[in-house]
Amino acid sequence: MRDFIITAWCSVMDAEQNPLRNIPNNSTRHYVMQVLAFMWGVLFSLAVGSWTIFGATVVGHAFIIGGIFVTLSVFEAAKRKPGVFQFREGYHSAGRSRGSIWVNGQRTVLPVNDPGGEHE
């Protein structure tokens, strides 16, 4: 029983063992796990907070089932098409992939080889 629990836990919570392992970028993999963790935290908060009212409990269960669906969809996408989680090569975020930004009402074209991000 102990081995089953450990295996089940790792198959979901360990990004090296769950389907997110197919995403080559470790930062992206971590981000997707963080989004899923946030979603599950909200869902369980909604479910636990609504035990006193049947209708709210039904809604809470619907959210939990929806959360399971989203999690499985993300895992399946990571397994089948890991490239979905990659941005343009050399860029840190989707926002930098546009090639320009607006500053004080003026369009500013970004340098082609600049990877972007405020921490460089």
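Values computed for the structure shown
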item: Relative contact order for region 2-86, counting Cα pairs under 8 Å that sit 6 or more residues apart, in percent; result: 37
item: Separation of the R21 and V59 label points, Cα + 7 Å toward Cβ, nm; result: 4.0
item: Prolate/oblate/rounded label for region 2-86 (Cα gyration tensor, a/c 1.5); result: prolate
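Laboratory data are not the source of any read-out in this text; all were calculated from the coordinates shown. The shown structure was predicted, so the numbers you read here are calculated from the model rather than taken from an experiment. Glycine gets a Cβ as well: all are built from the backbone with ideal geometry, and neighbour counts include every protein chain shown.
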